Amino acid sequence: PTGPGPFPGVIDLFGGAGGLIEFRAGLLASRGFAVLALAFFAYDDLPRMLAQLDLEYFEEAVELFLRHPRVRGPGLGVIGVSKGAEVALAMATFLPQVVATVWINGTAFLHGNPLVYKELRIPPIPYYTERVLFTELGAMDNSAIFADPRDPTYRSSAIPVEKIRGKVLFVVGEADRSFNSKLFAELALARMPPESGRILSYPGAGHLIEPPGSPLCGISSIRGSPRPLVWGGEPQPHARAQEHSWQEIVQFLEQQLGMAATMKL
């Protein structure tokens with residue numbers, strides 16, 4: 001934001017599209033937060049494809065960000081959607097500097113890629129790609145490729161959210177066609193310390209819950225996919241979810257990180 005600061009800091013993560021995506025970071029900055037839009041694959045000198053999540057990379061980003069003279073510590077927030085929400089939950093679990101986490105339609109288990117952090121390795125639940133469905137338009141519906149995380153076989157793939165010391169806001173689209181976000185949010189919340197999280201769940205909202213004014217993206221192409229993917233959602237309930245959740249997200253970050261500047265969008 002403009003002005004000398006220091007400002008409450010937020011790291012902003014997106015998902016399987018990779019690259020650097022900055023529109024949400026810019027909007028949060030307009031509300032008085034210093035924001036680091038963080039790419040973690042398919043950008044600059046980063047790996048082109050996501051093979052594993054190395055938490056030391058994200059830890060380095062946290063430490064670098066908190067050293068910035070206009071970022072107010074000692075804690076910061078993280079916001080992530082889809083794969084980025086999975087990463088955000090892992091950051092909240094292992095990195096004590098993360099005191100406020102916004103999780104948007106993510107998981108509470110490692111999927112497809114392991115997480116490594118120093119001597120720790122959390123194995124992933126494999127994707128069952130043979131279960132993929134195709135719509136009449138030829139788009140891919142991935143909702144069935146995720147195994148049931150409640151199967152004891154996959155216990156070792158769970159992010160150990162019982163270690164979380166900060167607060168987590170779970171934002172769920174109940175019409176998410178990418179995976180069962182509500183189930184993952186409920187499983188995580190059940191294992192977290194009391195009063196450390198809450199769920200905002202929106203009937204009719206799809207996977208890509210973005211700031212208000214963003215049109216519903218029900219189907220889109222994505223890097224690495226041979227066909228467009230179905231994200232789900234109906235226009236009106238999705239729009240209402242975006243408007244309501246954005247207000248809740250900004251308020252949550254202000255409450256947990258301290259009031260931001262007085263600029264309002």
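The values are calculated or read from the model by the stated rules, or taken from the named source; none is laboratory data. For clarity, every value in this text was computed on a predicted model and none was experimentally measured. Backbone-built Cβ (ideal geometry, glycine too); neighbour counts: all protein chains shown. For accessibility, only protein heavy atoms count, side chains too; no ligands or nucleic acids. Shrake-Rupley method; radii C 1.70, N 1.55, O 1.52, S 1.80 Å.
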*What tally of residues in region 31-73 results from selecting those that are assigned to a helix (DSSP H, G or I) and crowded, with 18+ Cβ neighbours inside 10 Å?*
5
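Sort through Arg150, Arg121 and tell me the only one that's out of contact with any Asp or Glu (no Cβ under 8 Å at 6 or more places or on another chain), assigned to a strand (DSSP E or B) and farther than 23 Å from Gly258 by Cα.
Checking each option against the conditions leaves just Arg121.
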*Which residues, counting only those in region 230-259, are in contact with a strand residue (DSSP E or B) (Cβ under 9 Å, 6 or more places away or on another chain), open to solvent by 70 Å² or more (accessible area, probe 1.4 Å) and not in a helix (DSSP H, G or I)?*
Met259
*Matching residues, region 7-54, being of a type in the set (Asp, Glu) and touching a strand residue (DSSP E or B) at 6+ places or on another chain (Cβ under 6 Å)*: Asp12, Glu22, Asp54
_Search result, residues across region 188-200 that are touching a strand residue (DSSP E or B) at 6+ places or on another chain (Cβ under 8 Å) and either part of a loop (DSSP other than H, G, I, E, B) or open to solvent by less than 40 Å² (accessible area, probe 1.4 Å) (or both)_ = Ala188, Met192, Ser196, Gly197, Leu200
_I want to confirm something. Restricting to region 128-140 and keeping residues that are surrounded by 15 or more Cβ atoms within 10 Å (Cβ to Cβ) and in contact (Cβ under 8 Å) with a residue 40 or more places away in the chain, which single residue is nearest to Arg177 (Cα to Cα)?_
Met140
*Go through region 202-222 and give me each residue that's surrounded by fewer than 17 Cβ atoms within 10 Å (Cβ to Cβ) and in a strand (DSSP E or B).*
Ser220
*Just need a number here: residues in region 212-236 that are among the charged types (D, E, K, R) and within 12 Å of Leu137 (Cα to Cα).*
1
*What pairs come up if the first residue lies in region 100-126 and is open to solvent by less than 10 Å² (accessible area, probe 1.4 Å), the second is modelled with pLDDT under 95 and aliphatic (A, V, I, L, M), and their beta carbons are under 6 Å apart, counting only those six or more places apart or on different chains?*
Ile125/Ala147
*Name every residue in region 1-17 that is in contact with a Pro (Cβ under 9 Å, 6 or more places away or on another chain) and surrounded by 21 or more Cβ atoms within 10 Å (Cβ to Cβ), in order of residue number.*
Phe7
*Kindly check whether there is at least one residue in region 76-85 that is hydrophobic (A, V, I, L, M, F, W, C), under 18 Å from Val171 (Cβ atoms), under 13 Å from the mean Cα position of the chain (by Cα) and in a helix (DSSP H, G or I).*
yes
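Here is a list: Ser178, Ser156, Ser143, Ser225. Which entry is at pLDDT 95 or above and either open to solvent by 50 Å² or more (accessible area, probe 1.4 Å) or not in a helix (DSSP H, G or I) (or both)?
Working: Ser178 fails: at pLDDT 95 or above; Ser143 fails: at pLDDT 95 or above; Ser225 fails: at pLDDT 95 or above.
Of the residues listed, the single one that is at pLDDT 95 or above and either open to solvent by 50 Å² or more (accessible area, probe 1.4 Å) or not in a helix (DSSP H, G or I) (or both) is Ser156.
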*Take the residues in region 20-30 that are in contact (Cβ under 8 Å) with a residue 60 or more places away in the chain and open to solvent by 20 Å² or more (accessible area, probe 1.4 Å), then tell me which one is farthest from the chain's Cα centre (by Cα).*
Ser30
_Residues that are under 15 Å from Val250 (Cα atoms) and polar (S, T, N, Q), drawn from region 92-106_ = Thr101
*Please specify each residue of region 159-175 satisfying the condition of being open to solvent by 20 Å² or more (accessible area, probe 1.4 Å) and assigned to a helix (DSSP H, G or I).*
Glu162, Lys163
